[in-house]
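Note sheet for the following structure.
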């Protein structure tokens, strides 16, 4: 959380493997969940490759009150941009961990879980210092693992989680609301909050 000129900024990161659905998830939430009155831009700001994958990050700022702002970023999942993922973890307050539920992606997911915990250990004293909501995405497809299996297999069972589809929007409103509530609870217990009310 950063306080700048009386405005509190909360940073949320969408993290996961390449093509897990991070940008599609953010886009669905932006179009279907976030009220226009809260949007600070008319569209998602993206830096993409020529074939549509996120190159560095996507960015969406929203304002939920006179002095509380959320900034949503997606981290690219491509291996050759791993350095940008590390940079995006700096000063992050919450992470939507987006898991590709397809069976063929299990080992790749495991690699990203290891990377996730490396970043957490680098930037935080403990998991209590960061809000995490897990999205088991692509649950609308065939040949997938259910969340009940993936939670344990990927060691993500300590976090609130949802079976989602970034295409249909399944459970994304619930997950988004959960993240906002968790972060606002942390804000209300933070010393910074007392300086803006």
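The values are calculated or read from the model by the stated rules, or taken from the named source; none is laboratory data. As the structure is a prediction and not an experimental result, all values here were calculated from the model. For neighbour counting, all protein chains shown are included, and Cβ atoms are generated from backbone atoms with ideal geometry for every residue, glycine included.
Quick notes on this structure:
- Residue in region 6-20 that is surrounded by 17 or more Cβ atoms within 10 Å (Cβ to Cβ) and at pLDDT below 90 present: no
- Matching residues in region 167-197 - criterion: being in contact with a helix residue (DSSP H, G or I) (Cβ under 9 Å, 6 or more places away or on another chain) and modelled with pLDDT of 95 or more: 167, 168, 169, 172, 173, 175, 176
- Taking the criterion of being crowded, with 18+ Cβ neighbours inside 10 Å, part of a loop (DSSP other than H, G, I, E, B) and out of contact with any helix residue (DSSP H, G or I) (no Cβ under 8 Å at 6 or more places or on another chain), the only residue of region 91-140 that qualifies is 138.
- Residue identified as within 14 Å of the chain's Cα centre (by Cα), modelled with pLDDT under 90 and either exposed (fewer than 14 other Cβ atoms within 10 Å of the Cβ) or on the phi < 0 side of the Ramachandran plot (or both) among 82, 75: 75
- Of the listed requirements (1) at pLDDT 95 or above; (2) over 15 Å from residue 20 (Cβ atoms), residue 124 misses just one: (1).
- Screening 91, 163 for residues that are at pLDDT below 95 and closer than 23 Å to residue 182 by Cβ leaves exactly one candidate, 91.
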